[in-house]
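**Q** Sharing a structure here in structure tokens format.
The values are calculated or read from the model by the stated rules, or taken from the named source; none is laboratory data. Keep in mind that this is a model prediction, so the values were computed, not measured. A quick note on method: Cβ atoms are made from the backbone with ideal geometry, for glycine too, and the neighbour counts reach across all protein chains shown. Surface areas here come from the heavy atoms of the whole protein model, side chains and all, with no ligands, DNA or RNA. Shrake-Rupley method; radii C 1.70, N 1.55, O 1.52, S 1.80 Å.
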Amino acid sequence: MFARNIVVVGTGYVGLTTGACLASLGHRVLCADIDTAKVEMLRAGDVRISEPGLAELVAEGMAAGRLSFVVGAATALREREPAEVVFLCVPTPMGAGGVADLSAVEAVVEETRDLIPPGCVVVNKSTVPVGTADRTAELLDREDVAVVSNPEFLREGSAVRDFLNPDRIVVGSNSSPDAAERVAALYARLGAPTVLTDAASAEMIKYAANCFLAMKLSYVNALAELCERLDADVADVTEGIGFDKRIGQSFLVPGPGWGGSCLPKDVHALLQVADAADFEFRLLRATIDTNTRQFQRMVEKIRTAVTGRRGGSLTRRRLALFGLTFKAGTDDLRASPALEVAALLKQAGAELVGYDPGLATGGSAPVDPALLTVVDDPYVAAKDADAVVVLTEWPQFRGLDWTRLADAVARPTLVDTRNLLDPAVVRRAGFSWVGVGRAA
Ligand code: UGA
């Protein structure tokens with residue numbers, strides 16, 4: 001294998017994981033970020049992204065002299081002699097009207113245009129609307145530099161494992177199949193199936209995958225509601241359908257709705273892409289609407305459990321929310337379904353106290369104190385509560401002393417929006433139990 005000289009621009013989840021993992025595959029990687037404080041911390045081996053194995057991989061790469069950090073993409077290109085591949089791993093947040101905001105990508109291209117060495121390949125790893133590779137090439141305006149799209153499919157909480165054990169590698173290029181092959185070769189050691197295609201298709205694959213996952217979840221959440229009405233058990237239904245290899249067992253657990261920094265952003269972005277192409281993507285619209293409705297449905301479920309009747313008042317009812325992050329195994333609160341449900345509960349007049357094992361380390365942005373108070377002890381959170389509501393599927397919740405929690409609350413009512421806990425266990429501890437898609 002050829003070890004390549006690589007510059008990675010952006011040291012967020014995707015950038016830092018890409019840099020550290022490519023260094024672990026033997027490449028020489030220089031990571032650039034505009035945030036001076038972040039770069040200084042990384043140089044000191046201080047990794048603030050809580051991802052299993054990432055800090056270790058960064059330390060290994062630095063010790064081996066294959067991974068280093070600088071401030072600014074321009075500095076990276078001046079320092080690296082000469083970069084053969086430049087990865088763009090900068091954020092593409094949801095901008096006005098759901099359209100992806102590409103200003104970070106454009107700023108890097110502006111800054112580095114004249115510094116990129118001839119023959120270098122610019123790789124877009126950020127999730128971007130179809131057509132961005134072409135737009136980047138236009139902006140770059142360099143015939144001697146190829147632009148390829150190489151979307152990333154890692155999940156938060158298992159970023160390193162996903163990067164090093166990918167289901168597939170996708171590389172798309174319009175102008176230079178040779179450049180695409182060079183990029184695919186960076187991952188050769190991983191032995192993953194590789195899809196070489198045009199840039200638009202590569203960009204589309206990323207959106208299509210995330211939107212399919214979102215659709216799967218909206219489908220399962222809708223099925224759960226129907227199961228409740230028909231006295232069927234959604235866990236058995238999903239197990240039953242999941243044995244069909246065309247469906248598969250994964251991504252079929254109902255919950256309070258889906259969220260995070262990727263799925264909602266990408267679903268809205270693809271809808272915008274479709275609108276712009278004059279295509280009414282009704283299935284995607286329904287996927288979003290089903291999710292919005294799911295948050296509201298959770299509130300109604302909690303309302304009924306707490307007051308004993310549909311439409312009862314939650315005013316001044318005290319609720320202990322267990323789990324605030326968008327999923328277990330992360331400290332990320334961005335577009336968290338738990339916070340969406342919390343906001344609706346607050347609007348309905350409830351008083352909220354939250355507990356989340358992922359926030360104990362204080363790595364993430366804080367929760368708005370006007371929305372809820374966060375405490376670092378589940379038994380304190382539960383004190384005098386009218387109900388405990390599980391919103392994130394932290395396995396640690398299973399190991400709590402549910403008898404002690406039943407003693408702490410004002411009313412032993414449990415609403416488990418993730419079907420995480422064994423109803424028999426919590427009932428034995430004295431709680432009444434309500435789940436999702438299963439008879440109470
Ligand atoms: C998602 C995709 O899964 C990755 O493949 C993709 O690379 C990434 O977005 C990205 O575009 O960067 P991530 O945002 O880390 O990864 O989160 P997921 O694990 O997909 O979870 C998304 C949401 O679905 C969470 O709120 C989670 O709790 C929910 N979920 C997931 C369920 O409610 N049930 C499930 O069975 C699975």
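**Q** Tally up the residues in region 153-190 that are more than 21 Å from GLU60 (Cβ to Cβ) and open to solvent by 10 Å² or more (accessible area, probe 1.4 Å), please. Break it down into steps so the answer makes sense when it comes.
**A** Narrowing region 153-190 to residues more than 21 Å from GLU60 (Cβ to Cβ): 153, 155-156, 167-185.
Narrowing the set further to residues that are open to solvent by 10 Å² or more (accessible area, probe 1.4 Å) leaves 153, 155-156, 167-169, 173-178, 181-182, 184-185.
Qualifying residue count, region 153-190: 16.
**Q** Here's a follow-up. Could you go through region 276-291 and let me know if any residue there is open to solvent by 20 Å² or more (accessible area, probe 1.4 Å), within 16 Å of the ligand (Cβ to nearest atom) and closer than 18 Å to PRO129 by Cα.
**A** Taking every residue of region 276-291 in turn, none turns out to be open to solvent by 20 Å² or more (accessible area, probe 1.4 Å), within 16 Å of the ligand (Cβ to nearest atom) and closer than 18 Å to PRO129 by Cα.
**Q** In region 130-152, which residues are crowded, with 20+ Cβ neighbours inside 10 Å, among the small types (Gly, Ala, Ser) and more than 15 Å from the ligand (Cβ to nearest atom)?
**A** Within region 130-152, ALA133, ALA137, ALA146 meet the criteria.
**Q** Are any of the residues in region 339-357 surrounded by fewer than 17 Cβ atoms within 10 Å (Cβ to Cβ), at pLDDT below 95 and not small (Gly, Ala, Ser)?
**A** Within region 339-357, not a single residue is surrounded by fewer than 17 Cβ atoms within 10 Å (Cβ to Cβ), at pLDDT below 95 and not small (Gly, Ala, Ser).
**Q** Another one. So ALA83 ticks every box in (1) touching a residue at least 60 places away in the same chain (Cβ under 8 Å); (2) part of a loop (DSSP other than H, G, I, E, B); (3) open to solvent by 10 Å² or more (accessible area, probe 1.4 Å); (4) in contact with a strand residue (DSSP E or B) (Cβ under 9 Å, 6 or more places away or on another chain) but one. Which box is left unticked?
**A** The failed condition is (3).
**Q** Any chance region 210-219 includes a residue that's crowded, with 21+ Cβ neighbours inside 10 Å and of a type in the set (S, T, N, Q)?
**A** Looking for residues that are crowded, with 21+ Cβ neighbours inside 10 Å and of a type in the set (S, T, N, Q), one finds at least one in region 210-219, hence yes.
**Q** Continuing with this model, one more query. Can you say whether ARG161 is within 13 Å of the ligand (Cβ to nearest atom) and in contact (Cβ under 8 Å) with a residue 60 or more places away in the chain, as far as the supplied structure shows? It would help to see each step written out before you state the result.
**A** Details: within 13 Å of the ligand (Cβ to nearest atom): yes; in contact (Cβ under 8 Å) with a residue 60 or more places away in the chain: yes.
Taking the combined requirement at face value, the residue satisfies it.
**Q** Among the residues that make up region 233-252, is at least one of them open to solvent by 50 Å² or more (accessible area, probe 1.4 Å), of a type in the set (A, V, I, L, M, F, W, C), more than 9 Å from the ligand (Cβ to nearest atom) and closer than 30 Å to PRO177 by Cβ?
**A** Within region 233-252, none of the residues are open to solvent by 50 Å² or more (accessible area, probe 1.4 Å), of a type in the set (A, V, I, L, M, F, W, C), more than 9 Å from the ligand (Cβ to nearest atom) and closer than 30 Å to PRO177 by Cβ.
**Q** So in region 306-339, with the set limited to residues that are within 16 Å of the ligand (Cβ to nearest atom) and among the charged types (D, E, K, R), which one is nearest to GLY53 (Cα to Cα)? Reasoning before the result, please.
**A** Here is the first cut: in region 306-339, the ones within 16 Å of the ligand (Cβ to nearest atom) are 321-339.
Subsequent filtering for residues that are among the charged types (D, E, K, R) retains 327, 331-332, 334.
Working: LYS327: 19, ASP331: 15, ASP332: 17, ARG334: 22 Å.
It comes out as ASP331.
**Q** Among the listed residues ALA224, ALA199, ALA184, which satisfies the condition of being on the phi < 0 side of the Ramachandran plot and within 15 Å of the ligand (Cβ to nearest atom)? Before the answer, list the steps.
**A** On the way: ALA199 fails: within 15 Å of the ligand (Cβ to nearest atom); ALA184 fails: within 15 Å of the ligand (Cβ to nearest atom).
Exactly one of ALA224, ALA199, ALA184 is on the phi < 0 side of the Ramachandran plot and within 15 Å of the ligand (Cβ to nearest atom), namely ALA224.
**Q** Is at least one residue of region 186-198 closer than 21 Å to ARG297 by Cβ and in contact with a helix residue (DSSP H, G or I) (Cβ under 6 Å, 6 or more places away or on another chain)? Outline the logic, then answer.
**A** Within region 186-198, the subset closer than 21 Å to ARG297 by Cβ is none.
Checked region 186-198: no residue is closer than 21 Å to ARG297 by Cβ and in contact with a helix residue (DSSP H, G or I) (Cβ under 6 Å, 6 or more places away or on another chain).
**Q** Checking ALA63 against (1) more than 16 Å from the ligand (Cβ to nearest atom); (2) at pLDDT 95 or above; (3) touching a helix residue (DSSP H, G or I) at 6+ places or on another chain (Cβ under 9 Å), which test does it fail?
**A** Unmet for ALA63, out of (1) more than 16 Å from the ligand (Cβ to nearest atom); (2) at pLDDT 95 or above; (3) touching a helix residue (DSSP H, G or I) at 6+ places or on another chain (Cβ under 9 Å): (3).
**Q** Please enumerate the residues belonging to region 20-37 that are more than 17 Å from ALA104 (Cβ to Cβ) and among the hydrophobic types (A, V, I, L, M, F, W, C). Before the answer, list the steps.
**A** First, the residues of region 20-37 that are more than 17 Å from ALA104 (Cβ to Cβ): 20-30, 37.
Result: ALA20, CYS21, LEU22, ALA23, LEU25, VAL29, LEU30, ALA37.
**Q** Residues being out of contact with any helix residue (DSSP H, G or I) (no Cβ under 6 Å at 6 or more places or on another chain) and either buried (at least 21 other Cβ atoms within 10 Å of the Cβ) or within 21 Å of ARG189 (Cα to Cα) (or both): count how many of those fall in region 14-48.
**A** Step one: list which residues in region 14-48 are out of contact with any helix residue (DSSP H, G or I) (no Cβ under 6 Å at 6 or more places or on another chain), which gives 14-16, 18-19, 22, 26-28, 34-44, 46, 48.
When the remaining residues are screened for being either buried (at least 21 other Cβ atoms within 10 Å of the Cβ) or within 21 Å of ARG189 (Cα to Cα) (or both), the result is 14-16, 18-19, 22, 26-28, 42.
Qualifying residue count, region 14-48: 10.
**Q** Another question about this same structure. Got a number for residues in region 125-139 being closer than 19 Å to PRO91 by Cα and without any contact (Cβ under 8 Å) to a residue 60 or more places away in the chain? Break it down stepwise before answering.
**A** Our first condition is that a residue be closer than 19 Å to PRO91 by Cα; within region 125-139, this holds for 125-137, 139.
Okay, now just the ones that are also without any contact (Cβ under 8 Å) to a residue 60 or more places away in the chain, so 135-137, 139.
Number satisfying all stated conditions: 4.
**Q** Working only within region 292-319, note down all residues that are assigned to a helix (DSSP H, G or I), open to solvent by less than 40 Å² (accessible area, probe 1.4 Å) and in contact with a Lys or Arg (Cβ under 7 Å, 6 or more places away or on another chain).
**A** VAL306
**Q** Residue under question is GLY354, and the condition is that it be assigned to a strand (DSSP E or B), in contact with a Leu (Cβ under 6 Å, 6 or more places away or on another chain) and either under 21 Å from GLU51 (Cα atoms) or more than 15 Å from the ligand (Cβ to nearest atom) (or both); does it hold? Show your work before the answer.
**A** Details: assigned to a strand (DSSP E or B): yes; in contact with a Leu (Cβ under 6 Å, 6 or more places away or on another chain): yes; either under 21 Å from GLU51 (Cα atoms) or more than 15 Å from the ligand (Cβ to nearest atom) (or both): yes.
Considered against the rule, which asks whether it is assigned to a strand (DSSP E or B), in contact with a Leu (Cβ under 6 Å, 6 or more places away or on another chain) and either under 21 Å from GLU51 (Cα atoms) or more than 15 Å from the ligand (Cβ to nearest atom) (or both), GLY354 comes out as yes.
**Q** Give me the pairs: first residue in region 254-281 and closer than 15 Å to ALA335 by Cα, second residue more than 9 Å from the ligand (Cβ to nearest atom) and polar (S, T, N, Q), beta-carbon distance under 7 Å, and six or more apart or on different chains, which are they?
**A** GLY255/THR417; PRO256/GLN294; PRO256/THR417; GLY257/ASN291; GLY257/GLN294; TRP258/ASN291; VAL267/THR287
**Q** Only one of ASP386, ASP407 is among the acidic types (Asp, Glu) and surrounded by fewer than 16 Cβ atoms within 10 Å (Cβ to Cβ); which? Talk me through it step by step, then tell me what you get.
**A** Values: ASP386 fails: surrounded by fewer than 16 Cβ atoms within 10 Å (Cβ to Cβ).
None of the other options fit; the residue is ASP407.
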